[in-house]
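The values are calculated or read from the model by the stated rules, or taken from the named source; none is laboratory data. In this text, all values refer to a predicted model and were calculated from it rather than measured experimentally. Please note: Cβ atoms are built from the backbone with ideal geometry, for glycine as well, and neighbour counts cover all protein chains shown.
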């Protein structure tokens, strides 16, 4: 029973991990760049949602849409102003540009808001639904529901719109996409905007049950990498599967091990994936 | 051995100049001097960044988690000293071996793959070690940290009064590190690494076992970094997980110093450390309390500016500028000669 409960919790938090990770995989798929600042955009989303809640009283679940829009713009600007300049540079430059970005984002929030841990108080924070002995935490359920909805919208965008198709075409073959008249630079701006915006909206969604502080992103880095590597770098459905598996691994391992050692198990899963299935479960 | 008549006098003079230059701080500053302390840190960071340079600069495999090897080294020798009273000199050898062996853990799964996997794995490895060190606090001291037992001014226990001896030890270690990297640079492994940096496929075609070359470079890189972990512990008399296994405190600094000076060049890390360590000390002294994040902001901004402006580092820039000036002066001479 305890195990079943852990699996349910794992699936619920895993849905959010998928949303955190999908931006990373999307950007990699389209641009061939790993954005090491991805988790910091999630942190940014958490802060924006936090202040929208404090100042305007908007629930973080609702504000996730506003957060998406704001961070989408920030991400698009970052792509235009910074990352576009290293698109053809060696990998070392690409990696350290985004690492530098991480430092700037973390230290700026630290200077603006201090290192204090902040959280919001919502009416549904402590609620849980009970089915027999099983318990469904309401903030987890809402976070999962919203994440899956956003994921579905992303899927619709990629599959059913011209813009989404152009993006997938760019991901599949950059030069061929340029040949058929797709503006690749526009696609990169769109990809980074989407990728960072999605992570930020995930940050808003988890706010009812998570603390926000400037270095919160660093804690999610390992989860994010494992999600993406497990699903397959560049695969959007893969990130969903990867996220849910990581959620389950984490949640189930905490039944047998102290909470602090969860990340060790996730790391082992990460290494095992690299050894036995480096392309990921649903990788190209 | 070269016979005396074969020794190039210019080179000999250059070498002597360097020796005098590097010994200067010992005579200029008092042993308790704060500046000498910074000088020791410059030597340490220059040496360990050379370790990073080996795999990431020469081998083009970007590590974002060399703090893992540094921290493992620091903990290995310190725990050996604390629990069985082993001399840190021997502890340093153990530290190098432990770090070197641990490098296989990230190297073996990732070096068969292309792309960003090594960067991701090193970042994750350091983070997991940090969490483990925090968790097993009875053993490692956790977040509180671990104090190196003070046993008096003793060479055998690698503990010295004042900074002068540390400076000389640091100088010797840096000299050895540079010598090793120089030998690797000019040796078989150096050529293999340069080949695979240019093109994996081409290197494989001409018979380079790229997987083994990367594993070797990574092992040596981790070994050097781990030994510096011991030096750090003996110099600071204190280690804690968030510092020695930290992403910002160690991993990023090693990388940034190398990039600033110039990657894939043995002098690059020295230039980078010579600039960044004093800068770091200065910002840490000026921006305290709520403003402590300013120094990281400066670092981040510097990293971005460097990548956009001069990704090949200062050494390359200086070299280029000098070459340009020299060419220009020659050009003018020619014109003058023709007229």
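A few comments on the model shown:
- Hey, residue B:168 part of a helix (DSSP H, G or I), within 14 Å of chain A (Cβ to nearest Cβ), under 20 Å from residue B:233 (Cα atoms) and in contact (Cβ under 8 Å) with a residue 12 or more places away in the chain or not: no
- Members of the range A:243-266 that are free of Cβ contacts under 8 Å to residues at least 24 places away in the same chain and surrounded by 21 or more Cβ atoms within 10 Å (Cβ to Cβ): A:253
- Being outside any helix (DSSP H, G or I), surrounded by 12 or more Cβ atoms within 10 Å (Cβ to Cβ) and in contact with a helix residue (DSSP H, G or I) (Cβ under 9 Å, 6 or more places away or on another chain) is a property that residue A:157 lacks.
- Flag not set for residue A:125, criterion: within 19 Å of residue A:3 (Cα to Cα) and not in a helix (DSSP H, G or I).
- Hey, residue A:269 surrounded by fewer than 24 Cβ atoms within 10 Å (Cβ to Cβ), more than 8 Å from chain B (Cβ to nearest Cβ) and either under 15 Å from residue A:23 (Cβ atoms) or in contact with a helix residue (DSSP H, G or I) (Cβ under 8 Å, 6 or more places away or on another chain) (or both) or not: yes
- Residue in the range B:271-293 that is at positive phi and buried (at least 18 other Cβ atoms within 10 Å of the Cβ) present: no
- Some residue of the range A:229-242 being more than 8 Å from chain B (Cβ to nearest Cβ), crowded, with 22+ Cβ neighbours inside 10 Å, assigned to a helix (DSSP H, G or I) and more than 15 Å from the chain's Cα centre (by Cα): no
- Condition check for residue B:228 on (1) surrounded by fewer than 17 Cβ atoms within 10 Å (Cβ to Cβ); (2) within 29 Å of residue B:78 (Cβ to Cβ): one failure, at (1).
- Qualifying residue in the range B:151-172 (condition: under 28 Å from residue A:100 (Cα atoms) and in contact with a helix residue (DSSP H, G or I) (Cβ under 7 Å, 6 or more places away or on another chain)): no
- Top-ranked residue of the range B:53-106 - restricted to ones that are under 15 Å from residue B:251 (Cβ atoms) and part of a loop (DSSP other than H, G, I, E, B), ranked as nearest to the other protein chains (Cβ to nearest Cβ): B:62
- Looking only at the range B:113-145, and only at residues there that are surrounded by fewer than 16 Cβ atoms within 10 Å (Cβ to Cβ) and at the interface with chain A (Cβ under 8 Å from one of its Cβ atoms), the one that is modelled with the highest pLDDT: B:113
- Of all residues making up the range A:88-121, the number that are over 20 Å from residue B:250 (Cα atoms) and more than 9 Å from every other protein chain (Cβ to nearest Cβ): 9
Residues checked against (1) within 14 Å of chain A (Cβ to nearest Cβ); (2) under 23 Å from residue B:188 (Cβ atoms); (3) free of Cβ contacts under 8 Å to residues at least 24 places away in the same chain:
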position	(1), (2), (3)
B:216	no, yes, no
B:221	no, yes, no
B:237	no, no, no
B:240	no, no, no
B:250	yes, no, no
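- The number of residues in the range A:49-58 that are surrounded by fewer than 24 Cβ atoms within 10 Å (Cβ to Cβ) and either closer than 26 Å to residue A:99 by Cβ or in contact with a helix residue (DSSP H, G or I) (Cβ under 7 Å, 6 or more places away or on another chain) (or both) comes to 4.
- Restricting the range A:68-87 to residues that are free of Cβ contacts under 8 Å to residues at least 60 places away in the same chain and part of a helix (DSSP H, G or I), the residue that is farthest from the other protein chains (Cβ to nearest Cβ) is A:77.
- Residues of the range B:257-294 satisfying the condition of being at the interface with chain A (Cβ under 8 Å from one of its Cβ atoms) and part of a helix (DSSP H, G or I): B:259, B:290, B:291, B:293, B:294
- Condition check for residue B:233: more than 11 Å from the chain's Cα centre (by Cα) and in a helix (DSSP H, G or I): yes
- The lone exception for residue A:97 - which of (1) part of a helix (DSSP H, G or I); (2) more than 17 Å from the chain's Cα centre (by Cα); (3) closer than 19 Å to residue A:47 by Cα it fails: (3)
- Which numbered condition residue B:203 fails, given (1) part of a helix (DSSP H, G or I); (2) closer than 25 Å to residue B:223 by Cα: (2)
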